[in-house]
Amino acid sequence: MNKISTAFQNGKAFIPFLTCGDPDLETTENCIRAMVEAGADLIELGIPFSDPTAEGPVIQEANLRALTGGVTTDKVFDFVRKLRRDVTAPLVFMTYANVVFSYGAERFIGTCGELGVDGLILPDLPFEEKGEFADVCRRHGVALISMIAPTSENRVARIAREAEGFIYLVSSLGVTGVRSEIKTDLASIVKVIREKTDLPVAVGFGISTPDQAKKMASLSDGAIVGSAIVKLLAQYGKDAPAVVGAYVKEMKAAVREA
């Protein structure tokens, strides 16, 4: 059974994101362990890419730091293989379609399945073109996670009906990044999703404070936070794991109250 569902079994989920290899893979590992200990329910791992079109400056710079440091897709796979010896929390990869294409979809997704990576998020993959990846993902037990955005409009119902794992609801227009407030009418989008699927819905993009996380989780089944964590990594470098762990603990507590 895919482990993603377990992330949502004990109340609202908190899902942190970081870029693998920023600033190095040892720090990534230490951060993951700190986040799991702090209560993270599922961890989203970014595979560095040279042109991450959905990302704002914070995560773009993290990708650049990781790539400059020599991180490759194969090194990320080796890293997760080692991590999976004792880290059992659900893990999903977030990367771009070109990374999968260039590696070979069968080989990439097959390796994900072999390593126990539970899901794959490809923000630049149009829903209408997911077919070439969806069958391979199902064959290897990897959920191809769908994103629904405020601009999805009349496609929301169809995307929800065919979704797997969980639904990543994008809170705002534009790229990832910290936002002072989120004004999108997410409740109406969640209502449409709920009519079409029983899968959990988690909200991401722009969440950085406990109050925001609590509010987003109250509208859905969980909150996803990336840029705020990546900023801590940029600020603290190799010393980031303790700070990131404390931040995740605070955010998890807020989500639990939703």
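Just need a number here: residues in region 105-134 that are over 26 Å from Thr88 (Cβ atoms), acidic (Asp, Glu) and at pLDDT 95 or above.
Summing the residues that are over 26 Å from Thr88 (Cβ atoms), acidic (Asp, Glu) and at pLDDT 95 or above in region 105-134 gives 1.
I'd like the residue in region 205-258 that is in a helix (DSSP H, G or I) and acidic (Asp, Glu) and, out of all such residues, is surrounded by the most Cβ atoms within 10 Å (Cβ to Cβ).
So, considering only residues that are in a helix (DSSP H, G or I) and acidic (Asp, Glu), the one surrounded by the most Cβ atoms within 10 Å (Cβ to Cβ) is Glu250.
Please find, within region 119-141, the residue that is surrounded by the most Cβ atoms within 10 Å (Cβ to Cβ) out of those that are under 23 Å from Asp41 (Cα atoms) and without any contact (Cβ under 8 Å) to a residue 40 or more places away in the chain.
Leu120
So Gly116 ticks every box in (1) surrounded by 15 or more Cβ atoms within 10 Å (Cβ to Cβ); (2) over 18 Å from Ala7 (Cα atoms) but one. Which box is left unticked?
Gly116 satisfies every listed condition except (2).
For region 6-57, which positions are modelled with pLDDT of 95 or more, of a type in the set (Gly, Ala, Ser) and either crowded, with 23+ Cβ neighbours inside 10 Å or out of contact with any strand residue (DSSP E or B) (no Cβ under 7 Å at 6 or more places or on another chain) (or both)?
Ala7, Ala13, Gly21, Ala34, Ala38, Ala40, Gly46
Taking the residues in region 153-177 that are closer than 24 Å to Gln60 by Cβ and surrounded by fewer than 22 Cβ atoms within 10 Å (Cβ to Cβ) as candidates, determine which candidate is modelled with the highest pLDDT.
By that ranking, first place goes to Ser172.
Would you check if Leu115 is in contact with a Lys or Arg (Cβ under 9 Å, 6 or more places away or on another chain) and within 22 Å of Val136 (Cβ to Cβ)?
Yes.
The values are calculated or read from the model by the stated rules, or taken from the named source; none is laboratory data. Quick caveat: nothing in here was measured; it's all calculated off a predicted structure. Every residue, glycine among them, receives a Cβ derived from its backbone with ideal geometry; neighbour counts consider all protein chains shown.
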